[in-house]
Every structure is written in C-alpha cells, then in structure tokens.
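Heads up, the thing below is written out as structure tokens.
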Amino acid sequence: MNLVKIKINFIKYLKNDRGLGLVEVLISSVIAVIILAATALLFTHNQSILKNESDSTNIQAKGRLAVDRIEEEIRMAGFGLPPLQGVTAINANSISFRINLNIVRTTTPPCTLPCILGEKAGSLGDTTLTVIDETGFSSGDKIVIRNPNFNQWELNTVTGTSSGTLNLGTALSQDYDYGINTNLVTVNKYSDVTIALSGTNIIRTVDGTATNLISDVNATNGIAFNYYGVTNADEVIRLGFNLSLVDPANPAATVEFKTDISLRNS
C-alpha cells in the first residue's frame, strides 16, 4: 500500500515539474546581456584611457624636444651682437631675432701695445677688413663689426674672403680706432631667425630658409608669446612662452607647455 502511494506521489511530482517558463528565460537573457554590455563598455573605456595616456605621452615627448630647442635659441637671441640688437620683431604668435648660431667670429689684429694714438682697425669708406682668421666666413654672410669699448658697431655683409681679409658688401660707415683699453675690433657672423605659428605647424626660418620645427599644434594658439607689456622689439628682455599640442588622430590627447625665458644678451 505504501509503495503504491509513493509511486502515485512521484508521478504527480513529475507532472508538476515543467522547468523554466518563457518569462524566466527572457529575464535571464536580459540580465546576461546587461552584464556582457557592461563588461564590454568597461573594457572599451579602459582601452580608451590607455590610448589617450599613450598618445599624450608621445606628444608630450615631442613637445618637450621642441620647447627645449625654441627656449634655447630665444634665450641666446642677440648672441654676438650689441645690446638690444637681438630681437627684431614681436607678435603674439611669432618672434624674430638675430643670433650667431654657429659661433663664427674673429677679430682684427691687435695693435702693438702701447697703441699709437690714431691707429685704426678700419677706416671710414674701407671695403675690406683685415682679420686674424677668415675661416668660417663666406660670401653672403651677414656680420656685425663692433668696437665694444667705444660702443661702435654696424651691420654689414661679406662678399668674399682671402687670407686674413673680409671683403665687405658696404663700405665702413665710421672709423674704428684703437684705444688705451681697446686693441682689437670683433666681427661676428649672425643669422636672422623667425619662429612662428603657421596652421598646425611651428615654422623656424633661418635667413629665408624655412623648416618645420614641430607639427600637430593647436591652430589657434599652438604657440603664443607674452611680452609683459613691452611693445618695442629692442626692449624685450623677458617673455612668456606657451606651446599647445593636440594629436590629430585623437583630439582628447593634448598637452600644453608654459615657461618664461630671460634673454641672456639683452
């Protein structure tokens, strides 16, 4: 009797056990889809963060190299020239200056001490200048001739060289006398340099020859100069310098550099 009862109850249990219904299956599927979507979204977000960090690191390294080079050249503006003759033009997005880039320089032969009154290193109207070493100078070079003790100087050009002589593009505009404390006159080669924003590039122009210094800068304010109220180029002794870069393939990857530059030769 008990066996029959147990058998009947088991049969009823089997009939009532229908498994998961459609509603339960749909709910389970929705939950699974939500979990998968959240996992995919999190993975994509993490990948995006990693890519942005990588891109930012790359442009930061590129920008740092450009900043170091620009900062070094601007700081040395006027090297080899008289005071306040380095910076020649200023703008919010550009700066022009003179500089002896390759440190090419020489002097006139020193007078025999004690210097004889009226002895000259060069005379008004001379079209040649005697120097101790013409090496490094060539036709077309721009030069500054300077007697620092008497605050005499002039800009000139070289049209040719021979042993111990520079041929000048323009006749000397004044006499260069030796004095008690002055027994030589200096000659420095110089270049005209401009650093300027052009579209998304920063262009460095040296004596008319332009090269691309750095790409992928902000087209509006990729390079910006602050002259702290100074409006005359020859009065610039310090300036603020900003560089802003952006990865064109990933606008979220940006970097900005800011620094102050004090000119050493002002």
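The values are calculated or read from the model by the stated rules, or taken from the named source; none is laboratory data. The structure displayed is predicted, hence computed values, not measured ones. Positions of Cβ are backbone-derived with ideal geometry, glycine not excepted, and every protein chain shown enters the neighbour counts.
Across segment 154-192, what is the number of residues that are surrounded by fewer than 20 Cβ atoms within 10 Å (Cβ to Cβ), within 34 Å of the chain's Cα centre (by Cα) and in contact (Cβ under 8 Å) with a residue 60 or more places away in the chain?
3
Report, by residue number, each residue of segment 205-215 that is more than 15 Å from LYS62 (Cβ to Cβ) and in a strand (DSSP E or B).
Going residue by residue through segment 205-215, those that are more than 15 Å from LYS62 (Cβ to Cβ) are 205-211.
Across segment 205-215, the qualifying residues are THR205, VAL206, THR209, ALA210, THR211.
Anything in segment 78-126 that is surrounded by 18 or more Cβ atoms within 10 Å (Cβ to Cβ) and aliphatic (A, V, I, L, M)? List them, or say none.
Scanning segment 78-126 gives LEU81, VAL87, ILE90, ILE95, ILE99, VAL104, ALA121.
So which of THR254, THR220 is outside the structural domain of THR159 (by TED's automatic domain parsing), over 27 Å from PRO82 (Cα atoms) and not in a strand (DSSP E or B)?
Details: THR254 fails: not in a strand (DSSP E or B).
One residue alone meets the criteria, THR220.
Is there a residue being farther than 20 Å from VAL255 by Cβ, of a type in the set (D, E, K, R) and modelled with pLDDT of 75 or more anywhere in segment 15-26? Walk me through how you get there before you give the answer.
Step one: of segment 15-26, the residues farther than 20 Å from VAL255 by Cβ are 15-26.
This time we only want the ones that are of a type in the set (D, E, K, R), so: 15, 17-18, 24.
Those still in the list that are modelled with pLDDT of 75 or more too: none.
For segment 15-26, residues farther than 20 Å from VAL255 by Cβ, of a type in the set (D, E, K, R) and modelled with pLDDT of 75 or more: absent.
Being in contact with a strand residue (DSSP E or B) (Cβ under 8 Å, 6 or more places away or on another chain), farther than 22 Å from LEU113 by Cα and of a type in the set (A, V, I, L, M, F, W, C) is the requirement here; does LEU184 meet it? Break it down into steps so the answer makes sense when it comes.
Values: in contact with a strand residue (DSSP E or B) (Cβ under 8 Å, 6 or more places away or on another chain): yes; farther than 22 Å from LEU113 by Cα: no; of a type in the set (A, V, I, L, M, F, W, C): yes.
Judged against the criteria, LEU184 is not a match.
When you check ALA89 against the structure, is it assigned to a loop (DSSP other than H, G, I, E, B), aliphatic (A, V, I, L, M) and either touching a residue at least 24 places away in the same chain (Cβ under 8 Å) or in the same structural domain as ASN167 (by TED's automatic domain parsing) (or both), yes or no? Reasoning before the result, please.
On the way: assigned to a loop (DSSP other than H, G, I, E, B): no; aliphatic (A, V, I, L, M): yes; either touching a residue at least 24 places away in the same chain (Cβ under 8 Å) or in the same structural domain as ASN167 (by TED's automatic domain parsing) (or both): yes.
No: the conditions fail for ALA89.
Can you tell me how many residues within segment 225-241 are within 14 Å of the chain's Cα centre (by Cα) and surrounded by fewer than 19 Cβ atoms within 10 Å (Cβ to Cβ)?
1
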